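The values are calculated or read from the model by the stated rules, or taken from the named source; none is laboratory data. A quick note: this is a predicted structure, and the numbers were derived from the prediction, not measured. Note that we place each Cβ from the backbone using ideal geometry, even for glycine, and neighbour counts take in every protein chain shown. The protein model used for the area step is the full one, side chains on, heavy atoms only, and it has no ligands, DNA or RNA in it. Shrake-Rupley method; radii C 1.70, N 1.55, O 1.52, S 1.80 Å.
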Amino acid sequence: WSIPPGETRAQDVVTHPSVHMTVEPDRETVTGVATRSFRRELTGTGRVVGVRFRPSGFAALWPEPMSRLTDASRPVAEVLGPDAAAELDRVRAAPDLDGAVAQMEAFVERHRRPLPRAAALVDEAVDHIVDTPGVTRVDQVAERFGVSARTLQRRFERYLGVGPKWVIQRRRIHDALAEIEGGRDMDWSALALRLGFADQAHFVNAFTELVGQPPSHYERRPD
């Protein structure tokens, strides 16, 4: 990014159900799933190179439960070790973006191990939730994959860091964001029912928790 001197740009982020690893000029960070939106202020000129892993993908690099990373950002040195963090200097030193991406990909290839078989359920279930608007309950997902709701919950906490209910909620809120950004005149009660919420109040509460402001405020935000 390149921001004129004296100016700041605010980036509001509603995250995906994934662990991220980023390399910036002054740090390298592993960030777990953020259950609420966050804001990043950009100034000056800079570059971030990042990896958004598949829902269970970071388990190929780190054997601990992903719930330990939820709503947290930790230095790569703390998670993968100081030698791994030092390797990421190659990403930072790359002269252009293509070179930086190639170095990041090479880092992941060097460090990844085979994923546990149990992790595959998480990737498949997240894909199903994202691609199937009719999914509004955890038991629907559990039935689709032939496991108990408790087994699904444990797998999600272990390999993603949040439960399937949160992923369902996030998909519904992203659907709402897409409709709002489409510029339509919004009927909040109708939208809530269309997205599978019990009523408008439940929709507004869920939207506000994830996005950080009520949908009516988000609709009126400046472009």
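Out of Gly163, Gly182, Gly146, I need the residue that is buried (at least 16 other Cβ atoms within 10 Å of the Cβ) and either under 15 Å from Val122 (Cβ atoms) or over 22 Å from the mean Cα position of the chain (by Cα) (or both). Which one?
Details: Gly182 fails: buried (at least 16 other Cβ atoms within 10 Å of the Cβ); Gly146 fails: buried (at least 16 other Cβ atoms within 10 Å of the Cβ).
Result: Gly163 is the single residue among Gly163, Gly182, Gly146 that is buried (at least 16 other Cβ atoms within 10 Å of the Cβ) and either under 15 Å from Val122 (Cβ atoms) or over 22 Å from the mean Cα position of the chain (by Cα) (or both).
Filtering the stretch 121-150 to residues that are in contact with a Phe, Trp or Tyr (Cβ under 9 Å, 6 or more places away or on another chain) and part of a helix (DSSP H, G or I) leaves Leu121, Val122, Asp123, Glu124, Ala125, Val126, His128.
Filtered by the rule that a residue be over 22 Å from Ala34 (Cβ atoms), surrounded by 14 or more Cβ atoms within 10 Å (Cβ to Cβ) and without any contact (Cβ under 8 Å) to a residue 12 or more places away in the chain, the stretch 194-210 gives a lone residue, Arg194.
Being surrounded by 14 or more Cβ atoms within 10 Å (Cβ to Cβ) and touching a residue at least 12 places away in the same chain (Cβ under 8 Å): is that true of Leu97 here? No, not satisfied. Selection of helices (runs of 4 or more DSSP H) fully inside the stretch 1-117 by the criterion of at least 1 residues being of a type in the set (Lys, Arg) returns 89-93, 97-111. Filtering the stretch 57-94 to residues that are within 21 Å of the chain's Cα centre (by Cα) and either of a type in the set (Ser, Thr, Tyr) or surrounded by fewer than 16 Cβ atoms within 10 Å (Cβ to Cβ) (or both) leaves Pro63, Glu64, Pro65, Ser67, Arg68, Thr70, Asp71, Ala72, Ser73, Arg74, Pro75, Glu78. For the stretch 1-47, a residue qualifies if it is modelled with pLDDT under 75, open to solvent by 60 Å² or more (accessible area, probe 1.4 Å) and of a type outside the set (Phe, Trp, Tyr), and the qualifying residues are Gln11, Asp12, Arg39, Arg40, Thr43. Taking the conditions (1) of a type outside the set (A, V, I, L, M); (2) modelled with pLDDT under 95; (3) in contact with a helix residue (DSSP H, G or I) (Cβ under 8 Å, 6 or more places away or on another chain) in turn, Pro55 satisfies each one other than (2).
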